[in-house]
Amino acid sequence: MWQWPLKLLILITLSGCQPGPDSVLDDYLSRLERVLKQPRPESSLPSPQRPARHPFEPDDSLNVSLLAPLSLKPCGVLPLIAQHNAQLGRVAAPSQQLLYHREMGYRLHHCDPQSLKSDGQTLRAQLLAQKADTLNDYGARYFLLSDEVWFNLGADAQPWQLGAVIVTEQSLVQLSELKTALVAWQHPTVSSETLENALATLHRSRLPRTLHRSMHDATVVLNQATGLLQHAEPLSCNDKAMAVLPNILSNIYGERVQPLLAELQKADRRLTPPLRQLLTPWPEHPYFDYYLGDQPGQLRHHFYQAIQQHTEAWQALLQRCDRSPTPNPG
C-alpha cells in the first residue's frame, strides 16, 4: 500500500527538479564559456520608460453639455448625459467612459428624427457624425488607458509564464470585436459585463508583458551567445573546441533553447495581431512603438534579429571547418 504514495512523491520530486527556461539559457551560455574559454560578453537591451498616463487621455470634444441637448429630450439621452457629467461619471474607468459614448451614439442613431424639432434634428446629426468620426480612435485610446492594458503593455513581469496565451488571445480578439461594435450603431448595446470580463482576463494572465519580458531576456542571451561564437573565429579547425561545439549546437541549443524561442514566437504570433488591432491607432510615442511595432530599434525587431544573427554565427562557424551538428545518439 505504501508503494503508490512513494512513487507519487518521486514523480513530484523529479518534476520539481526540471530546469526552468532561465537555467536552460544560463546553462547554454556557461557551456559556450567553458568550451571557448571566454567570459560571456556584457549585453543589455535598454527599453523606454512607461510615460505618465494623463497626457494620453482623450480630450473632451465628445462630451456634451447637459444644457445643450434639451432639444434631444425625446431621444432619452438627458439622463445619460447627467450621469456622465456627475462626479462619478467623470472619474469612471476608461472602459465605462467608452461605453457612455457608445450608448449616446446608439440612442441618437435609433432616435426617430421626426420626433425632434429642427434644432434637435440638426444637433442629432452633428453629434452622430462627430462620434462616428472619432469613436474608433477614442476606443483605442480608452482601451490603452484601462489598467488592464496599460500595466500589461510593458515588460516588467516575470518571464516565461505563458500558460494563458490561448485564453488571452481569445480575450484580445473579443475586445477587438467589441471595439468594432462600438461604432456599429445598428448592433445592440455592448454589454458592460462582457467588456469588463475580457479586460479582467488580461489582468489575470499578465500577458502580454510576460511575453515582452521573455523576448527581452531571450534577446540578451542570444546576443551574448553570438558574441561568444564570434570569439571562436580564430580557432583552428583542429582545435578541441571545434570538436565539441557541434554537440552543443545539436544537444543544447537545438533540443533545449530553440523550443523556448519557438514558444515565444508562437505566443507573439497569437497575441500581437489582436493587441495591435485593439490599440490602433496608438499614440505616437516611443514607448508604444517599442512594444507594438516591429521596426529597427523596437523589441520585436531586436528579438527576431537576435535569432537570425545567432543562427548565422553558428552557420559561419561550422561552414568554415566543414562541420555539422552531431545528432544526439539517444
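Accessible area per residue, 1.4 Å probe, Å², for the stretch 83-153: what's the number?
47
Take His109, His301, His101 and sort them by solvent-accessible surface of the protein heavy atoms, 1.4 Å probe, largest at the top.
His109, His301, His101
Could you list, bin by bin from short to long, the percent of Cα-Cα pairs of the stretch 217-263 in 10 Å steps?
Answer for the stretch 217-263: a P(r) of 23, 50, 24, 3 percent.
Just from the alpha-carbon atoms, what are the Rg and Dmax of the chain in angstroms?
Computed over the Cα atoms of the chain, radius of gyration and Dmax are 27.5, 93 Å.
Using just the C-alpha positions of the stretch 75-157 as equal point scatterers, what log10 of I(q)/I(0) does the Debye formula give at each q in 0.14, 0.21, 0.24 1/Å?
The Cα Debye sum returns log10 ratios of -0.56, -1.01, -1.17.
At a temperature of 37 °C and a viscosity of 0.692 mPa s, determine how fast the stretch 254-311 diffuses translationally according to Stokes-Einstein, using the Kirkwood radius over alpha-carbon pairs as Rh; express D in µm²/s, rounded to the nearest whole number.
262
Using the Cα atoms of the stretch 176-254 to build a convex hull, what is its mean projected area in square nanometres?
8.9
Treating each Cα of the stretch 227-290 as an identical point scatterer and ignoring solvent, apply the Debye formula and state log10 I(q)/I(0) at q = 0.18, 0.19 Å⁻¹.
-0.78, -0.82
If Rh is defined by the Kirkwood formula over all Cα pairs and Rg also comes from Cα, what ratio Rg/Rh do you get for the stretch 103-215?
Radius of gyration over Kirkwood radius for the stretch 103-215 works out to 1.14.
Going by accessible area, probe 1.4 Å, with all protein chains left in place, what is the ranking of His310, His187, His302, His54, largest first?
If we order His310, His187, His302, His54 from most to least accessible, we get His54, His187, His302, His310.
Computed from the mean reciprocal separation of all distinct C-alpha pairs, what Kirkwood hydrodynamic radius does the stretch 165-323 have, in Å?
18.4
First compute the accessible area of the chain with a 1.4 Å probe, then give the percent of it belonging to carbon and sulfur atoms.
Carbon and sulfur: 54 percent of the exposed surface of the chain.
For Glu177 and Asn85 in one chain, what is 0.36 nm times their gap in residues minus the Cα-Cα distance, to one decimal in nm?
Length gained, Glu177 through Asn85: 30.3 nm.
Would you mind checking the radius of gyration and Dmax of the stretch 197-237 based on alpha-carbon positions, in Å?
Taking only Cα atoms of the stretch 197-237, I get Rg and Dmax of 18.3, 61 Å.
If ligands, DNA and RNA are left out, what is the accessible area of Phe151 with a 1.4 Å probe, given in Å² to the nearest 10?
Around 100 Å² of this residue is reachable by solvent.
The values are calculated or read from the model by the stated rules, or taken from the named source; none is laboratory data. From a predicted model like this one, the values you see are computed outputs, not experimental measurements. SASA here: full protein model, heavy atoms, side chains in, ligands and nucleic acids out. Shrake-Rupley method; radii C 1.70, N 1.55, O 1.52, S 1.80 Å.
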